[in-house]
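The values are calculated or read from the model by the stated rules, or taken from the named source; none is laboratory data. Computed from a predicted structure; not experimentally measured. Don't worry about glycine lacking a Cβ; one is built from the backbone with ideal geometry, like all the others, and counts go over all protein chains shown. When the accessible area is computed, the model is the full protein with side chains, heavy atoms only, and any ligands, DNA or RNA have been set aside. Shrake-Rupley method; radii C 1.70, N 1.55, O 1.52, S 1.80 Å.
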Amino acid sequence: MELRFYNTMTGQKEEFKPIEDKKVGIYVCGITAYDICHVGHARSAVVFDVITKYLKYRGYNVNYVKNFTDVDDKIIKKADAEGVSISEISERYIREHNEDMDALGVARPTVAPKATENIKGMIRHITALLDEGLAYVNEGDVYFSVEKFEEYGKLSGRNLEDMIAGSRVEVDEKKKNPLDFVLWKASKKGEPWWDSPWGNGRPGWHIECSVMSQRFLGDTFDIHGGGKDLIFPHHENEIAQSEGATGKTFAHYWIHNGFVRVNSEKMSKSLGNIFTIREILKSYHPEVLRLFMLQSHYRSPVDFSSDSLAEARMGMERFYTTLKNMEDALTGGVDFSGVSVKNLSEIDKDVFEYVETLPDRFTKAMDDDFNTAMAIGFIFDTVRLINGYLIEKEVTMTPEKLFVLDVAQRYMREVGKVLGLFLEDSDKYFYEDRSREARKRGLNVDDIDRAIEERNASRVAKDWKKADEIRSTLAKKGIILKDTPTATTWKIE
């Protein structure tokens, strides 16, 4: 089956045909580095992380470019408020961004260019637009003339005349048309600036992405991505200024992820419902947040709430419990040299044939517009089947049954790696997840561990009364202990 996904430009699913065989160039608009990343940033980051990982899984050599805007009105405002340079602000929040992405399991892009490193390229690009008669200068500002680009509005499906008629853009006497957008801003007192043919100034936001994407991917590349909020005007403007300067198609495919809502409301600072990534990860394992994001199709909106995260946490617990049960059964290693698929019992063979097709079913789902929701559904189906099978194995554990379990856990890990799931050792996952839940409830994890150590020492000394007292004290705090032949584990009730 060929890979097909929705192209915003055409409004339909299309077969993916890269410019170069088995090579993909993809550009995604990054953050403006002036604040901590929130759950909306996490959605876009996880979506395109999975897309790039899946393309690699399918055998493509991926050149993934994601930029940083490190000069902008918001950055300047914050720098002024703190009395520091814009570079100090942008570098601080780029570091914070990278720490958040690392914690979330998002791989670094191939290239992460900064706007201020590409000023010369922006000046060259603006000069080309002026030479083509698509831009004009007014008192040191340079504007793109939208009326001069005949296809303006083709990505968003908007008609220029209708846009002008219904324009609510603030009147700017320097503009010939209210929808014209700035390519270069004349510097104001106290602002950072660069020298240009039009005087000291700095670039507009839209021109940055055109120049950085084309520098690292060429005038025409395969995929341009970002959130739905960027379709208009940012991506529309990118197309106009890029194709206006080169006369070539800018990007062949456009991918946009859906919005994040919080408790069914739009995220906004005025509502006070913006949650940062690090705030969420204090209470939930990163894979829980990823599962929450990926259980919905990337183009659909997702509703962020404590209930939805709790549900995702339960899902991850089911996954890791099944993995642990399989891996515990395989502990110590098993010799499969004498095992043949032909000699499997009917039950063993049925389970084997199902789990063996997990990578194929996963690929089928992902080839259909990166349908992570369907892919995760297939993994849940596998878990249900294996859990039933593990009940059977309690009767008689044979090398044949262990062979089937080995295939199942390896394929779960394989497809999970593309989604950024099942990357932890099972015991480590449970400990980290429960530790987050404990901290969320104001419990001290170190105190819990010390209490368990003290209880274990009491059991060794056969002081059963003290051991029971410690168990009872922990239970009153909602901490339930489970004794196994090798260790004592705990969970939050």
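Across the stretch 259-300, what is the total count of residues that are within 30 Å of Val24 (Cα to Cα) and at pLDDT 95 or above? Residues flagged as within 30 Å of Val24 (Cα to Cα) and at pLDDT 95 or above within the stretch 259-300 amount to 16.
For the stretch 445-465, check the following and say yes or no: at least one residue is farther than 17 Å from His285 by Cα and within 32 Å of the chain's Cα centre (by Cα).
yes
Scanning the stretch 370-387 for residues that are part of a helix (DSSP H, G or I) and of a type in the set (Phe, Trp, Tyr) gives Phe378, Phe380. Can you find even one residue in the stretch 391-405 that is closer than 26 Å to Arg58 by Cα and either open to solvent by less than 80 Å² (accessible area, probe 1.4 Å) or outside any helix (DSSP H, G or I) (or both)? Checked against the condition, which is being closer than 26 Å to Arg58 by Cα and either open to solvent by less than 80 Å² (accessible area, probe 1.4 Å) or outside any helix (DSSP H, G or I) (or both), the stretch 391-405 yields at least one hit. The C-beta contact set for the stretch 256-271 (first residue within 19 Å of Leu309 (Cα to Cα) and assigned to a loop (DSSP other than H, G, I, E, B), second residue open to solvent by 90 Å² or more (accessible area, probe 1.4 Å) and of a type in the set (D, E, K, R), distance under 8 angstrom, 6+ apart or interchain) comprises Phe259/Asp229; Phe259/Lys266; Met267/Arg261.
Looking for whichever is closer than 26 Å to Arg278 by Cα and more than 19 Å from the chain's Cα centre (by Cα) here; the options are Ile94, Ile89, Ile19, Ile36. Which one fits?
On the way: Ile94 fails: more than 19 Å from the chain's Cα centre (by Cα); Ile19 fails: closer than 26 Å to Arg278 by Cα; Ile36 fails: more than 19 Å from the chain's Cα centre (by Cα).
The unique qualifying residue is Ile89.
Per-residue answers, yes or no, for (1) open to solvent by less than 30 Å² (accessible area, probe 1.4 Å); (2) assigned to a helix (DSSP H, G or I); (3) at pLDDT 95 or above; (4) touching a Phe, Trp or Tyr at 6+ places or on another chain (Cβ under 7 Å):
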residue: Met163; (1), (2), (3), (4): yes, yes, no, no
residue: Arg168; (1), (2), (3), (4): no, no, no, no
residue: Trp198; (1), (2), (3), (4): no, no, yes, yes
residue: His206; (1), (2), (3), (4): yes, yes, yes, yes
residue: Gln214; (1), (2), (3), (4): yes, yes, yes, no
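A Cβ distance below 6 Å, combined with a sequence gap of six or more or placement on separate chains, defines the contacts here; from the stretch 201-214, residues that are acidic (Asp, Glu) reach no residue that is in a helix (DSSP H, G or I) and open to solvent by 10 Å² or more (accessible area, probe 1.4 Å).
Out of Lys440, Lys482, Lys491, which single residue is in contact with a strand residue (DSSP E or B) (Cβ under 7 Å, 6 or more places away or on another chain) and touching a residue at least 60 places away in the same chain (Cβ under 8 Å)? Steps first, please.
Working: Lys440 fails: in contact with a strand residue (DSSP E or B) (Cβ under 7 Å, 6 or more places away or on another chain); Lys482 fails: touching a residue at least 60 places away in the same chain (Cβ under 8 Å).
Lys491 is the lone residue from the list that is in contact with a strand residue (DSSP E or B) (Cβ under 7 Å, 6 or more places away or on another chain) and touching a residue at least 60 places away in the same chain (Cβ under 8 Å).
Is it the case that Val46 is within 18 Å of Trp254 (Cβ to Cβ), open to solvent by less than 40 Å² (accessible area, probe 1.4 Å) and modelled with pLDDT of 95 or more? If you could, list the steps in order and put the result at the bottom.
On the way: within 18 Å of Trp254 (Cβ to Cβ): no; open to solvent by less than 40 Å² (accessible area, probe 1.4 Å): yes; modelled with pLDDT of 95 or more: yes.
Considered against the rule, which asks whether it is within 18 Å of Trp254 (Cβ to Cβ), open to solvent by less than 40 Å² (accessible area, probe 1.4 Å) and modelled with pLDDT of 95 or more, Val46 comes out as no.
Each residue in the stretch 7-31 was checked for being crowded, with 19+ Cβ neighbours inside 10 Å and among the hydroxyl-bearing types (Ser, Thr, Tyr), and 2 of them qualify. Right, Ser145: open to solvent by less than 60 Å² (accessible area, probe 1.4 Å), more than 36 Å from the chain's Cα centre (by Cα) and among the small types (Gly, Ala, Ser) or not? Judged against the criteria, Ser145 is not a match. Only one of the numbered conditions (1) open to solvent by 60 Å² or more (accessible area, probe 1.4 Å); (2) touching a strand residue (DSSP E or B) at 6+ places or on another chain (Cβ under 9 Å); (3) farther than 22 Å from Val106 by Cβ is violated by Asp367, and that is (1). Going by the structure shown, is Met314 open to solvent by 10 Å² or more (accessible area, probe 1.4 Å), within 21 Å of Asn387 (Cβ to Cβ) and part of a helix (DSSP H, G or I)? Criteria met by Met314. Annotation note: of His235, His224, the sole residue that is open to solvent by less than 40 Å² (accessible area, probe 1.4 Å) and part of a strand (DSSP E or B) is His224. Looking only at the stretch 419-449, filter to residues that are of a type in the set (A, V, I, L, M, F, W, C) and open to solvent by less than 40 Å² (accessible area, probe 1.4 Å); which one of those is farthest from Ala107 (Cα to Cα)? Out of the qualifying residues, it is Ile448.
Determine if the stretch 106-120 includes at least one residue that is under 19 Å from the mean Cα position of the chain (by Cα) and either part of a strand (DSSP E or B) or farther than 30 Å from Met366 by Cβ (or both). Within the stretch 106-120, one or more residues are under 19 Å from the mean Cα position of the chain (by Cα) and either part of a strand (DSSP E or B) or farther than 30 Å from Met366 by Cβ (or both).
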